[in-house]
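All remarks here apply to the structure that follows.
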Amino acid sequence: MQKSLIALSALATLSSAAQADIGLSKDGVDPELYGILDAGVGTLEHSYGPSPVFASTVNPCNLNSSPNSFSGVYSGGISMSRWGIRGEADLGLGMKAFFRLKSAVDVNSGDISNNGQSIYNDINGLQTANGASAINGQLFSRAEYVGFSHPVFGPIQVGRTTNFSLDQVFEYDPVQAAPLYSPLAFSGGIGGGLGAMENSRLDNSLKYENKINYINFGLQYKFAGSKADQSAGSAYVAMLGYSYGPLGLKGTYSKTTNSVAWATEYSDVVAPDSNLQIEDSSGYMFTGLYKINSDATGKAGYEYLTISAPSNLNLTNIQDYFGLILPNPAQNASGEQHFGVSWVGGDYRFTRTFDLGVGYYNVNTDNAPEVGKAYRANAYSILADYNLSRSFDTYVGAMLMSYSGVG
């Protein structure tokens with residue numbers, strides 16, 4: 001099976017000192033309103049109809065049983081459309097307090113992006129594209145945290161924070177971590193969530209990061225939430241990186257316990273499950289980049305993920321998924337499910353305003369407990385991005401994915 005996508009798009013960024021516009025300056029804190037609006041026209045083979053609440057409108061990566069193609073307008077091709085407010089206050093001696101609020105929106109419909117709703121809408125039959133995510137209708141789904149930074153000890157964030165592995169994807173993906181052109185960026189399960197899409201952004205979390213000379217490191221912890229909804233699980237993530245001259249290396253390791261996920265690997269082949277899945281997961285990601293010269297950069301990476309039965313087998317009463325009540329109670333994962341993902345590529349900046357990126361991705365599943373579902377996928381991507389101004393881009397991209405195996 002093969003599916004391919006080609007699209008021509010426009011991206012605009014908004015960043016303005018918001019003191020005069022929204023009148024919130026107080027006690028030395030000047031909030032800034034910022035955002036990205038990304039809309040385009042494209043064609044995707046093997047696709048159900050567009051979803052007005054799905055963050056990228058269509059699903060370019062998962063297996064898909066639709067014999068039809070989708071041609072039309074989509075949101076969030078190279079960057080998820082979003083708006084946010086950020087600010088900081090100088091506390092003296094190099095110390096600062098800061099905050100950030102980040103919301104995801106659909107340019108085409110005006111809705112707050114809600115991938116969970118896109119799955120829920122298809123439970124009784126496939127009609128539109130769907131897929132699980134950490135973006136599930138929250139007002140500030142991308143991030144919401146406050147923090148404190150010290151010039152020696154570094155920053156710490158408290159609240160809803162981005163997973164270190166998601167940050168790593170944005171830094172080391174060869175095609176700008178574009179949702180429609182990178183399997184890593186589209187799917188947090190094999191990207192920033194290291195096992196579960198929902199874990200690419202962590203509620204109830206602490207995130208600490210620092211850099212000493214050429215070494216940067218970080219620790220992140222998610223506290224367990226209510227045992228009645230999707231926040232029940234806990235997690236920790238460790239990050240270690242090295243950067244010197246043209247070379248950059250980074251690794252992350254994560255371990256989650258009793259994560260509540262909506263298993264959607266095959267949700268565009270058959271109708272999505274009407275229940276959630278409780279699972280433990282572990283994963284690691286190693287990446288590297290090398291700046292060949294001032295214009296060319298090569299990037300590569302590998303990750304390995306394992307999903308297994310949860311540590312607590314008594315959470316199957318959960319039906320609440322970000323405010324959506326599923327028809328059936330959750331089920332526990334069984335056995336072990338494995339994913340291996342590798343990628344290589346890079347970009348070349350031909351001029352100050354024109355950049356061309358290419359990437360190859362290989363996804364290998366070993367779904368031992370789910371007989372007949374193992375498969376392999378190869379993706380080939382190209383993305384040409386032209387900066388018309390500091391705040392406006394136009395780009396054209398294409399991705400071909402081919403699938404093989406019994407699944």
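Here the sum of -39500 (n - 2.57) over DSSP H runs of 4 or more residues, divided by the residues of the chain, equals -1000 deg cm²/dmol at 222 nm, to the nearest 500.
Apply the a/c threshold of 1.5 to the C-alpha gyration tensor of the chain and tell me whether it is rounded, prolate or oblate. The shape class here is rounded.
Rolling a 1.4 angstrom probe over the protein heavy atoms with all chains in place gives the chain an accessible area of 42 Å² per residue. The lysines within cross-link reach of Lys3, meaning a Cα-to-Cα straight distance under 23 Å and a gap of 8 or more places when in the same chain, are Lys373.
Mind ranking Ile318, Ile325 by accessible surface for me, highest first, 1.4 Å probe?
Values: Ile318 0, Ile325 100 Å².
From most accessible down to least: Ile325, Ile318.
Using the Cβ-Cβ distance between Asp90 and His338 with R0 set to 41 Å, the FRET efficiency works out to roughly 0.30.
Principal axis extents of the Cα atoms in region 24-149, from largest to smallest and rounded to whole angstrom, are 62, 27, 21.
Assuming R0 = 45 Å, what is the FRET efficiency of Val269 and Lys211, from their Cβ-Cβ distance, to the nearest 0.05? Please report the intermediate quantities before stating the final value.
On the way: r = 44 Å, r/R0 = 0.98.
Between Val269 and Lys211 the formula returns 0.55.
Determine which lysines satisfy two conditions relative to Lys211: a Cα distance under 30 Å, and not lying fewer than 8 residues away in the same chain. Within the straight-line cut-off, Lys211 pairs with Lys96, Lys102, Lys222, Lys250, Lys255, Lys291, Lys299.
Placing dummy labels 7 Å off each Cα toward the beta-carbon, the span from Arg349 to Phe170 is 1.8 nm. Over all other residues within a Cβ to Cβ distance under 10 Å of Ser267, the charged ones net out to -4, with Lys and Arg as +1 and Asp and Glu as -1.
If you stretched the chain out fully between Asp295 and Gln331, how much longer would it get, using 0.36 nm times the residue separation minus the C-alpha to C-alpha distance? Between Asp295 and Gln331, full extension yields 8.0 nm more. Residues in region 131-140 carry Karplus couplings, in order, of x, 6, 5, 8, 9, 9, x, 5, 4, 10 Hz; the curve used is 6.51 cos²θ - 1.76 cosθ + 1.60 with θ = phi - 60°, and Gly or Pro positions show x. Per-atom-type breakdown for the chain gives carbon and sulfur 58% of the accessible area (1.4 Å probe, protein chains only).
Take the alpha carbon gyration tensor of region 152-237, find the square roots of its eigenvalues, order them as a ≥ b ≥ c, and report rounded if a/c is under 1.5; if not, report prolate when a/b exceeds b/c, else oblate.
Numbers: a/c = 2.69, a/b = 1.03, b/c = 2.60.
The shape class here is oblate.
Amide H contacts under 5 Å for Ser47: Asn68, Ser69, Phe70, restricted to partners 5 or more places along the chain or on a different chain, H placed in the peptide plane at 1.01 Å from N. Estimated from the Cβ-Cβ distance and a Förster radius of 25 angstrom, the FRET efficiency linking Phe148 and Arg390 is about 0.20. For region 183-188, putting each phi into the Karplus relation 6.51 cos²θ - 1.76 cosθ + 1.60 with θ = phi - 60° gives couplings of x, 4, 6, 6, 10, x Hz, in residue order, rounded to whole numbers and with x for Gly and Pro. Would you mind classifying region 249-301 by shape? Square roots of the alpha carbon gyration tensor eigenvalues, ordered a ≥ b ≥ c; an a/c under 1.5 is rounded, otherwise it is prolate if a/b is larger than b/c and oblate if not. It is oblate, given that a/c is not under 1.5 and a/b is not larger than b/c.
On full extension, the segment bounded by Val41 and Tyr380 gains 120.1 nm, given 0.36 nm per residue less the C-alpha separation.
The values are calculated or read from the model by the stated rules, or taken from the named source; none is laboratory data. Computed from a prediction, not measured in an experiment: that's the story for all the values here. Don't worry about glycine lacking a Cβ; one is built from the backbone with ideal geometry, like all the others, and counts go over all protein chains shown. Accessible surface areas use protein heavy atoms only, side chains included; no ligands, DNA or RNA. Shrake-Rupley method; radii C 1.70, N 1.55, O 1.52, S 1.80 Å.
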